[in-house]
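Here is the structure we will look at.
The values are calculated or read from the model by the stated rules, or taken from the named source; none is laboratory data. Computed from a prediction, not measured in an experiment: that's the story for all the values here. So basically every Cβ, Gly included, is an ideal-geometry build from the backbone, and we count neighbours across all protein chains shown.
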Amino acid sequence: MTSNGETIWTSVLMPAINGVVAGEIISRVSDIALIVDASGQISSVSCDPGFVGQDHLAAWRDVRIQATLTVETVPKFEARIARFLEGTGDVLPVELNHRASDGFAELPVKYTFHKVGDGDAILMLGSDLRRTAEMQQQLVAAQMALEADYEAQREHDIRLRVLMESSDVATVFISVPTGQIVSCNSAAEVLLGQSKDALKDAPLANYFEIKGRKDVVDRMVSAATDQSQPPVIAKSAKGSRKLSLNPTLFRGASGQMMLCRITQAGAHNASADQLQYNLSDLFQNGVDSFVFVSESGNIISANDAFLKLAHVTHSQSVVGKSLADFCARGTIDLNVMIENARRSGGMRLYATKITSEHGSESAVEISTTQLNTGADPIYAMVIRDSHRVETVNSQMTKITEVDMNSVAELIGGQSLKDIVAKTTDVVEKMCIETAVQMTSNNRVAAAEMLGLSRQSLYVKLRKYDLISKT
């Protein structure tokens, strides 16, 4: 009896329990009970009466428990029983997997270790973990299904973005309850004169000369509901252009949505449409190469003439790549052209070479024009093959009368070696001045353009007294 009036068992007061009763109690409080010796030899096996697979467990008697375990759990058992026999402290339960055999599935069990008497017998009480394992497998299967759904959703999003960006028609998604733009493509950026970040979550009515949301969204909802109605015509807030709004209603996860395609409307746009058609036809079928690049120099689009020049099979092979990959002097050529176009709006007849996919080089002349298309400028480059022109010029180049007179004045006063040296100096100085001017006094770029080391360029700048001029 304790001070609180509770009755507890002590080693003296606890009544003696015969073996049959003790075995029945053990079989009731655990799913599996094993008595093993220090080596793991099983001397007794009992289980709960409702345990599924009792006949399979009966075959474990007089067998080492290691023979019933899977390979990866044997070391766990041996380490845990060794620690239990040392008696250095409490031994935590261990989860062991019994091997499948004779149509009996693998059996996961959680065991605890207990001393039995004064001998080396050890009582192992086990809890069946098959239900827990099934739940874990179901959770894993659910997680894998969820990941598959996420992957399908990502694939769907990628396809939608590719479809949107491949369309030349300005397209926006609008939330009907709020009238705000949810997303748009690049064509909508150009038409509305704003970046995607600025357009997202902005009211569509802000970009049209119409009062309030009702005159925009509601009119489009009405036009989308009644197919007999014509598209909604509205003036853009920027440029006062008449635009045709072609809406399509659908229900999204968060409510009613609208897909709106925006095109130019009215007879006065016929000439602009014809010009756009002509320019598109020139881009596709022109004999000169046309390339549009971003401010960072990545190719946005290129026509078939450029693909032939670069020996590329498909346009998708060059889109996204840097134009510097096709220039003989790499980023030096690209930086010179973009910097000059950014500073003055354009650059005419820049001579360089285009390197094809197979490593062959073609002499070209490139004209670059900066296009203001919205947030980020785009650079249009017209590339002409100058190989034939250079060949003809090299064959037809003649010394002018002034050059003849200048050279003739040196004859008789100086040796031929001195005359050639001075003529070479003049050409060398002219080339250095031109390279420094084209690279905006970027001497590293000028040295690479001329094929010189930076130290050699500085030596020649001092030689021709060009340090102060640059």
- Message: Take the residues in the stretch 114-153 that are over 30 Å from residue 53 (Cα atoms) and of a type in the set (Asp, Glu); name whichever of them is surrounded by the fewest Cβ atoms within 10 Å (Cβ to Cβ).
- Response: 118
- Note on the structure: Over the stretch 131-188, the set of residues touching a strand residue (DSSP E or B) at 6+ places or on another chain (Cβ under 7 Å) and of a type in the set (S, T, N, Q) is 171, 175, 180, 183, 185
- Message: Looking at the structure I just gave you, is residue 171 surrounded by 13 or more Cβ atoms within 10 Å (Cβ to Cβ), β-branched (Val, Ile, Thr) and more than 30 Å from residue 72 (Cβ to Cβ)?
- Response: yes
- Which residues, counting only those in the stretch 47-62, are touching a Ser or Thr at 6+ places or on another chain (Cβ under 8 Å) and over 14 Å from residue 109 (Cβ atoms)? 49, 61, 62
- Item | the stretch 64-80, residues that are within 16 Å of residue 122 (Cβ to Cβ) and either within 45 Å of the chain's Cα centre (by Cα) or assigned to a helix (DSSP H, G or I) (or both) | 65, 66, 68, 76, 77, 78, 79, 80
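Taking only the stretch 100-148 into account, find how many residues are β-branched (Val, Ile, Thr), within 24 Å of residue 46 (Cα to Cα) and either at pLDDT below 85 or not in a strand (DSSP E or B) (or both). Lay out the reasoning, then the answer.
As a first pass, look at the stretch 100-148 and keep what is β-branched (Val, Ile, Thr): 109, 112, 116, 122, 132, 140.
With within 24 Å of residue 46 (Cα to Cα) added as a condition, the list becomes 109, 112, 116, 122, 132.
Right, trim to either at pLDDT below 85 or not in a strand (DSSP E or B) (or both) and you get 116, 132.
Counting residues in the stretch 100-148 that are β-branched (Val, Ile, Thr), within 24 Å of residue 46 (Cα to Cα) and either at pLDDT below 85 or not in a strand (DSSP E or B) (or both) gives 2.
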- Message: When you check residue 364 against the structure, is it among the β-branched types (Val, Ile, Thr) and over 32 Å from the mean Cα position of the chain (by Cα), yes or no?
- Response: yes
- Message: Any residue in the stretch 329-342 that is in a helix (DSSP H, G or I) sitting within a Cβ distance under 7 Å of a residue that is buried (at least 19 other Cβ atoms within 10 Å of the Cβ) and among the polar types (S, T, N, Q)? List the pairs, counting only those 6 or more apart or interchain.
- Response: 333/352; 336/439; 337/368; 341/368; 341/370; 342/370
- Please go through the stretch 84-104 and pick out each residue that is farther than 17 Å from residue 129 by Cβ and surrounded by 16 or more Cβ atoms within 10 Å (Cβ to Cβ). 84, 91
- Within the stretch 310-328, of all residues that are assigned to a helix (DSSP H, G or I) and in contact with a strand residue (DSSP E or B) (Cβ under 9 Å, 6 or more places away or on another chain), the one nearest to residue 379 (Cα to Cα) is 323
